[in-house]
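The values are calculated or read from the model by the stated rules, or taken from the named source; none is laboratory data. Not measured: the values here are computed from a predicted model. FYI the Cβ positions are ideal-geometry reconstructions off the backbone, even for glycines, and counts take in every protein chain you see. For the accessible areas, the whole protein counts, side chains as well, though only heavy atoms, and no ligand, DNA or RNA atoms are used. Shrake-Rupley method; radii C 1.70, N 1.55, O 1.52, S 1.80 Å.
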Amino acid sequence: MASRPLPDDDSAKRPRITAAHVILGRFKRGETIDRTALRDIFRAITGGSDSTGAWSMRDAFDALELAQLLYLMEPDCPLLAGPPARVLQRLEAFVQALPVHGYRSEEQVARQQFSTPLPLAFAAGLAASPEAGDLLLEPSAGNGLLAWWAARAGARLLLNEIGDQRRSNLAEAFG
């Protein structure tokens, strides 16, 4: 169970959270996600474009990370079937098919927020070998990619994040 993030402005997070669930649906159907798909999803949800400020590519990348996390938290996530070496191969192929995060916000640069690559997060989780009841402390949780393996194992989570959008992603993924 995750600690509860501080509440933030619900109106600011909804398009990103909604987009993450749309992307999750595409992952479940085996569809690919590229920059064009991200733009189309956000345009449909917000009714505007990134150039008008209705959303930003940073929002799109955060939604993409949240969708990955939600997919990994699915009890029957097909990426996680089989031995660890095969899982790692699937995770690497999965992230290779996703758009590269080519945009950093000023907040990310100032706070030195860098996402952990999914295959590395899996390897770290595997090495940590969390068990039900263990306590995982993640002092800079970001979007939660280092915490999902422990959450799947039934560990208790103590997640800390100062970024509002990332805190709302944590709340969505880990409740």
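For the range 14-35, filtering for residues that are of a type in the set (S, T, N, Q) and open to solvent by less than 80 Å² (accessible area, probe 1.4 Å) leaves 1. Of all residues in the range 121-158, those satisfying the criterion of being loosely packed, with under 14 Cβ neighbours inside 10 Å, on the phi < 0 side of the Ramachandran plot and free of Cβ contacts under 8 Å to residues at least 40 places away in the same chain are ALA127, GLU131, ALA132, LEU135, LEU137, PRO139. Looking across the range 36-65 at every residue that is more than 15 Å from the chain's Cα centre (by Cα) and closer than 17 Å to GLN96 by Cα, the one that is least open to solvent (accessible area, probe 1.4 Å) is identified as ALA37.
Residue selection: PHE94 satisfies the criterion of being within 17 Å of ALA121 (Cα to Cα) and under 16 Å from the mean Cα position of the chain (by Cα).
Out of ALA85, ALA93, one residue alone is modelled with pLDDT of 95 or more, closer than 19 Å to ILE23 by Cβ and either open to solvent by 50 Å² or more (accessible area, probe 1.4 Å) or among the basic types (Lys, Arg) (or both). It is ALA93. Whether any residue in the range 110-126 is modelled with pLDDT under 90, under 20 Å from ARG14 (Cα atoms) and part of a loop (DSSP other than H, G, I, E, B) is what I want to check. No, there is no match, as no residue in the range 110-126 is modelled with pLDDT under 90, under 20 Å from ARG14 (Cα atoms) and part of a loop (DSSP other than H, G, I, E, B).
Just one of (1) in a helix (DSSP H, G or I); (2) touching a helix residue (DSSP H, G or I) at 6+ places or on another chain (Cβ under 8 Å); (3) surrounded by fewer than 19 Cβ atoms within 10 Å (Cβ to Cβ) fails for LEU70. It is (3).
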